[in-house]
Amino acid sequence: MSSAASQSRYQVRFEQGADGLARVGEGIDIVVWADPLVDDETAGAAALAALAAANGVRPEASVAVAGFVDATATARWILAEQERLGRRAYLAVIAADRGDGFDAIDLLAAGAVIDALTTLGIDDTSPEAAVACASFAGLRRAVRHLTTASGAGRAAAEAGRTHEQLLAAGQLDASDAPRVVRQAGARG
C-alpha cells in the first residue's frame, strides 16, 4: 500500500468499504461504518468483517454504525471516546460497500458524520474526508430525497422498504443514540 493513500497524517480519514479501510486504517482507534439503509445487525456485521479483513487496523478499535439519523450522536460518542482515551483519537469513517459499487447516500452519510465532528471541533480531516463533508454540506437539504432516489434507495424499495421508511432513514439527527457495535476496553 502506498503511504500516500493511507491518510495517516490526519485524525479523520475517509474511504469506502473493507479495501478502503485497509488503506486508511493503520493506527486508528475508531471505525465508523456509514450505511444509512441497513439494519443495525447487518451493518454491524459488515463493519466488523471489514475490520477483520483490514491489515494494520488495531483489532481492538471501537466500531460504530452511522447514518443520517444518528450522525451527530455518533460524533458526540467519538468525542467521548477521545476523552476516555485521554489523547487524540484517530478514526476512519468508511462509506459502506454493498458489493455493487459506489452509492451517493453512503458518501453523504459519511459526510454527515464528518460534518458533525467538525462542528464539535474535531477537524483535522484528510482531503478525502473534507470532500465527503463538503458533499454533505452542499446537499444537506436534499438528503431525504436522495435517500429515496439513490440506487441504494431504489434497491431497498424493490426489496420491500416503504417510501416512508426510506424518508425516515434520511431524517437528519432523528436519534440521540449512537449505534456502537464494539467499544474498545468494554467488558462483556
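What follows is calculated from the coordinates using simple rules that are stated; it is not laboratory data. The shown structure was predicted, so the numbers you read here are calculated from the model rather than taken from an experiment. Cβ sites come from the backbone with ideal geometry, for glycine too, and all protein chains shown count toward neighbours.
Listed values, structure above:
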| item | result |
| --- | --- |
| Extreme residue, farthest from the chain's Cα centre (by Cα), among residues of the range 59-82 that are without any contact (Cβ under 8 Å) to a residue 60 or more places away in the chain and under 19 Å from Y10 (Cβ atoms) | Q82 |
| Any hit, the range 24-39, residues being of a type outside the set (K, R), without any contact (Cβ under 8 Å) to a residue 12 or more places away in the chain and part of a helix (DSSP H, G or I) | no |
| Residue check for R88: in a loop (DSSP other than H, G, I, E, B) and either buried (at least 24 other Cβ atoms within 10 Å of the Cβ) or at negative phi (or both) | yes |
| Residues of the range 138-148 satisfying the condition of being surrounded by fewer than 14 Cβ atoms within 10 Å (Cβ to Cβ) and under 18 Å from A95 (Cβ atoms) | G138, A142 |
| Single residue of the range 64-85 satisfying the filter (over 18 Å from A112 (Cβ atoms) and of a type in the set (A, V, I, L, M, F, W, C)) that is surrounded by the most Cβ atoms within 10 Å (Cβ to Cβ) | L85 |
| Exclusive hit being over 30 Å from A149 (Cβ atoms) and not in a loop (DSSP other than H, G, I, E, B), set A75, A52 | A52 |
| Matching entry among L21, L48 (being farther than 20 Å from D176 by Cβ and surrounded by 24 or more Cβ atoms within 10 Å (Cβ to Cβ)) | L21 |
| Scope the range 24-45; condition under 11 Å from the mean Cα position of the chain (by Cα) and either surrounded by fewer than 19 Cβ atoms within 10 Å (Cβ to Cβ) or aromatic (F, W, Y) (or both); matching residues | W33 |
| Out of A5, A34, A46, A18, sole residue that is closer than 23 Å to A104 by Cα and touching a Phe, Trp or Tyr at 6+ places or on another chain (Cβ under 8 Å) | A46 |
| Odd one out for L120 among (1) over 23 Å from L21 (Cα atoms); (2) crowded, with 24+ Cβ neighbours inside 10 Å; (3) of a type outside the set (S, T, Y) | (2) |
| Selection within the range 99-117 - touching an Asp or Glu at 6+ places or on another chain (Cβ under 8 Å) and under 15 Å from A18 (Cα atoms) | D106 |
| Selection count where residues are assigned to a helix (DSSP H, G or I), β-branched (V, I, T) and in contact (Cβ under 8 Å) with a residue 24 or more places away in the chain, scope the range 116-171 | 4 |
| R154, sole failed condition from (1) farther than 25 Å from R23 by Cα; (2) in contact with a helix residue (DSSP H, G or I) (Cβ under 6 Å, 6 or more places away or on another chain) | (2) |
